[in-house]
Amino acid sequence: MDFDILRGEGAYLIDTKNEKYLDMFSGIAVNNFGHANKQILKIIEKQALKGIHFSNYIAHEPAVNLARLLVENTFASKVFYCNSGTEANEAAIKLSRKYGKAIDENKIEIVSAVNSFHGRTCGAVTLTGQEKYSNAFMPLLPAVKHFIFNDIESLKSTVSDNTCALFLEIIQGEGGVIEVDREFVQEVVKLSEQHKFLIVIDEIQTGISRTGDFFAYEKFGLTPDLVTIAKSLGGGLPIGAMLVSQKLENVLLPGDHGTTFGGNALACAVGEYIVGTVLSKEFRTELKEKEIYLSESLNKLKMKFPKIINLVRGRGLMFGIDVGDYAEEIKSRALEQKLLLNVTSSTVIRLLPALTITIDELNEFIIIFERVLGALCGKK
Ligand SMILES: Cc1ncc(COP(=O)(O)O)c(C=O)c1O
């Protein structure tokens, strides 16, 4: 992008010329509490004075407190910490393989969806069902297969008794903000029982209340075996985690897997604050109000500009606006008007504003966005 950022402030970024830009994608769903959040800064300072890193040989308060919060509020009984989303998925790949091999030496296949995104390390990029991310790095991880997202027949023909795990995004973020169908999830559960494979839900983008629920899978009444998280958990500090169900808590043993920085005290201290806050009733109520406002406003714009907006989809504060070939032009025109937009899948404007954004700021977004669409219409 053609400007130099000097600093961030809430839902805005400010450049070296002191121009203010409304940030509608928050570092791709990382800065969910906005930029330079005062409470987060306080926590960082307080924790840094006590210690930044202690190593995973030593139990420490921030790591234990965050793990407790995650365990008490989810299906999980254990938490593994790492530093990013891709690493959380690597941990899940290793756990799944070890789980499968303990049952049968051929139970090593991992399946994931075409058009998914699970990260860029060699294992995770193999699961990422988009060749543009992996073609240059062949050969990749063996025994990985892809099914077509939301296609039950494709799913059925991809899994077997040799499948040890299925990785799934509830809403494909990079793939264009596309949600999984309820019937598809039901089939996943049925097949996992039949073939005894693990269900691994990748909530790296959707987790920690991005979609309104603490986790996007909750809407489907599903109990996953593993969930991977990262992005917003550290409020901008790098952290990832794998949530592990009770039946799997002794699959990976000490020495099987690890990471030096995982469970870093600073990131965990912030994580505890973030998780505690998003779970509060007040935060959830406000988030719902913002969701309703944004969803209604976007749908009004869709009615007003039917030639530009094909579809609006999403929930919580994660929306995709399908604008076909107009996407890049809209993004650059918005930038001229000090509005930062993200385009994914070439045709979709993906909105991932800070969850702490105010209704007034969302209104500001709608006003600028409407102006951009209006100017585009005038041109055509
Ligand atoms: C659904 C999903 N999984 C995994 C990843 C990889 O996370 P990271 O970039 O932190 O490695 C991302 C990143 O965009 C993601 O959206």
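What follows draws every value from the coordinates through simple rules; no lab data is involved. Remember, it's a predicted structure, so these values are computed and weren't measured experimentally. Glycine also receives a Cβ, built like all others from the backbone with ideal geometry; neighbour counts cover every protein chain displayed.
Residues whose amide H lies under 5 Å from that of Leu198, counting only those 5 or more places away or on a different chain, are Ala165, Leu166; hydrogens are built 1.01 Å from N in the peptide plane. Across the range 348-354, rounded Karplus estimates of 3J(HN,Hα) from the backbone phi angles (6.51 cos²θ - 1.76 cosθ + 1.60, θ = phi - 60°) give 10, 7, 9, 9, 9, x, 4 Hz, Gly and Pro being marked x. Each residue of the range 269-284 was assigned a 3J(HN,Hα) from its phi angle through the Karplus curve 6.51 cos²θ - 1.76 cosθ + 1.60 (θ = phi - 60°); the sequence is 4, 5, x, 4, 5, 5, 5, x, 6, 5, 7, 6, 4, 4, 5, 5 Hz, with glycine and proline shown as x. Since only Phe117, Leu49, Gly320 are under comparison, the one whose Cα sits farthest along the positive direction of the charge dipole of the chain, derived from C-beta charges on Lys, Arg, Asp and Glu, is Leu49. Ranked by how many other Cβ atoms sit within 10 Å of their own Cβ, fewest first, the residues Leu335, Leu166, Leu252 fall in the order Leu335, Leu252, Leu166. Measuring between their Cα centroids, the range 233-301 and the range 200-219 lie 9 Å from each other. Rounded to the nearest 20, the size of the Cβ-charge dipole of the chain about its Cα centre is 300 debye, with Lys and Arg at +1 and Asp and Glu at -1.
Antiparallel versus total DSSP beta bridges in the range 1-133: what percent is that, nearest 5? Mind dumping the intermediate values first?
On the way: 8 of 9 bridges.
Of all bridge pairs located within the range 1-133, approximately 90 percent are antiparallel.
Within straight-line reach of Lys302, meaning a Cα separation under 16 Å, there are no lysines at least 8 residues removed in sequence or on another chain. Measuring max minus min along each principal axis, the C-alpha atoms of the chain give extents of 63, 54, 41 Å (largest first). Comparing Ser26, Ser232, Ser55, which has the greatest mean-square fluctuation in the GNM of the chain with Cα pairs linked when under 10 Å apart? It is Ser55. Computed from Cα atoms, the angle from the helix 182-195 axis to the main principal axis of the chain rounds to 10 degrees. What the Cα convex hull of the range 1-125 gives, in volume per residue, is 187 Å³. Dividing the C-alpha radius of gyration of the range 210-325 by 2.2 N^0.38 Å, with N its residue count, gives 1.39.
Can you tell me the relative contact order of the chain? Whole percent, Cα pairs under 8 Å, sequence separation 6 or more. Could the numbers behind the result be given before it?
Values: 759 pairs, mean separation 87.2, N = 380.
Relative CO of the chain lands at 23 percent.
Considering only Thr163, Ser209, Val372, and ranking their Cα positions along the charge dipole of the chain that arises from unit charges at the beta-carbon of Lys, Arg, Asp and Glu, the one farthest toward the positive end is Val372.
Residue-wise HN-Hα couplings along the range 318-335, as the Karplus relation 6.51 cos²θ - 1.76 cosθ + 1.60 with θ = phi - 60° gives them from phi, are 10, 10, x, 10, 7, 10, x, 6, 7, 3, 5, 5, 4, 4, 6, 5, 5, 4 Hz; Gly and Pro carry x.
Report summary: the helix-based calculation at 222 nm, which adds -39500 (n - 2.57) for every DSSP H run with n ≥ 4 and divides by the residues of the chain, gives -12000 deg cm²/dmol. Considering only Leu340, Met242, Thr86, the residue lying farthest towards the positive end of the dipole of the chain is Leu340, judged by Cα position with unit charges set on Cβ. Taking a ≥ b ≥ c as the square roots of the eigenvalues of the alpha-carbon gyration tensor, the range 169-254 is classed oblate because a/c is 1.5 or more while a/b is no larger than b/c. Considering only alpha-carbon pairs that sit under 8 angstrom and 6 or more positions apart, the relative contact order computed for the range 249-322 is 19 percent.
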